[in-house]
Amino acid sequence: MIYAMADLHGCAEQYFEMLQLIRFSKEDTLYILGDVIDRGEGGIKILLDMMRRPNVVFLAGNHEQMAVKVMKEIVESPPGMEDIILSEDHLLWMINGGDPTKKAFCALDKKRQQEIIEYILSAPLIEELDAGGRHFHLSHALPEWDESGLWEEAPWSEYLWGEPGYDKVYREDTWFVTGHIPTGIIDPEMDGRIIKKNNHIAIDCGAVFGENLGCICLDTMEEFYPKGQEEKQ
Ligand SMILES: [Mn+2]
């Protein structure tokens, strides 16, 4: 089976619970659509686990893009100098919840640090695939909707930072799976739940904000929540 989740934001416990819940096995593929790190404590722990699993496909999010610039600075700086705000990138990352990630990263040896940097830099932004008779486009975010179709020519950064037009059908024959915006912000009634509408599947269920982690099976469109779905209703 093919699964997708996003925006783990350091919620390691829920990540491992989810792998149990979906009975994730070697025959499955799990796409993780960015923002694994920051805000929560366990981002580096999750990344290290993902790196060990050949059937986890990591797509980068805007948090990884912010982090990797500073991670490179840290690797190049003398020991003990990591906490000095040296750059605008460093400041931007700290403002956006990077501190727990930075602390965990600094505690690793240089070889592991380098492996994490390479893992993030090698992550694609977009994947397209077929499952269960449907065509899917996977990315952390999407360019803003543009009536004339210009969204297709938007710069790559829009797939990390863009605000998808969830009320617009981007393509009739494709489902667009995205994270980045918690579903409770898209539609308050869907707080902590996956939203499927207008050929969009929004899967950031706000785990780090005390809502839920969501996962969708793309073959069956079945939804999974480690905290349970019933108690939310
Ligand atoms: Mn994001």
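Where the alpha-carbon atoms of the stretch 35-90 are placed on the principal axes, they occupy 36, 22, 19 Å, in descending order. Cβ under 12 Å from residue 126's Cβ, residue 126 left aside: what net charge do those residues give with Lys, Arg +1 and Asp, Glu -1? Computed value for this residue: -4. Computed from the Cβ-Cβ distance with R0 of 25 Å, the FRET efficiency linking residue 222 to residue 48 stands at 0.35. Highest mean first, the peptides 31-40, 17-26 sorted by other C-beta atoms within 10 Å per residue fall in the order 31-40, 17-26. Non-local lysine pairs in the stretch 1-144, meaning eight or more places apart or on different chains, with alpha-carbon distances under 25 Å, amount to 18.
With a 1.4 Å probe and every protein chain kept in, tell me what percent of the accessible surface of the stretch 139-233 is carbon plus sulfur. Exposed carbon and sulfur together represent 46 percent of the surface. The charge dipole of the chain, taken about its Cα centre with unit charges on the Cβ atoms of Lys, Arg (+1), Asp and Glu (-1) only, comes to about 820 debye.
Rounded to the nearest 500, the 222 nm mean residue ellipticity of the chain from helices alone is -8500 deg cm²/dmol, with -39,500 (n - 2.57) taken per DSSP H run of at least 4 residues. Applying both filters, DSSP loop and at most 13 other Cβ atoms within 10 Å, to the GluC sites (Glu not before Pro) of the stretch 68-122 eliminates every site. Each listed q (0.08, 0.14, 0.17 Å⁻¹) maps to a log10 I(q)/I(0) for the chain, found by the Debye formula over equal Cα scatterers with no solvent: -0.28, -0.87, -1.24. Of the trypsin sites (Lys or Arg not before Pro) found in the stretch 75-171, those in coil by DSSP whose Cβ has at most 13 other Cβ atoms within 10 Å are 171. Once the dipole of the stretch 83-233 is set up with Lys and Arg at +1 and Asp and Glu at -1 on Cβ about the Cα centre, which of 138, 106, 185 lies farthest towards its positive end? Projecting each Cα onto the dipole axis, the largest value belongs to 106.
Take residue 2: with every protein chain present and a 1.4 Å probe, its accessible area is about 40 Å². Rounded to the nearest 0.05, the FRET efficiency derived from the C-beta distance between residue 189 and residue 21 at R0 = 30 Å is 0.80. For the stretch 2-232, the relative contact order is 22 percent, taking Cα pairs closer than 8 Å that sit 6 or more residues apart in sequence and dividing their mean separation by the residue count. Which residues in the stretch 165-194 have a backbone N closer than 17 Å to a point placed 7 Å from the Cα of residue 146 along the Cα-to-Cβ line? Only 165-166, 168-171 pass the distance filter.
Can you give the % of DSSP beta bridges in the chain that are antiparallel, to the nearest 5? Just about 50 percent of them are antiparallel.
The values are calculated or read from the model by the stated rules, or taken from the named source; none is laboratory data. What you see is a predicted model, and the numbers here were worked out from it, not measured in a lab. Ideal geometry is used to build each Cβ from the backbone, glycine not excepted, and the neighbour counts take in all protein chains shown. Keep in mind that these areas ignore ligands, DNA and RNA; they rest on the heavy atoms of the full protein, side chains included. Shrake-Rupley method; radii C 1.70, N 1.55, O 1.52, S 1.80 Å.
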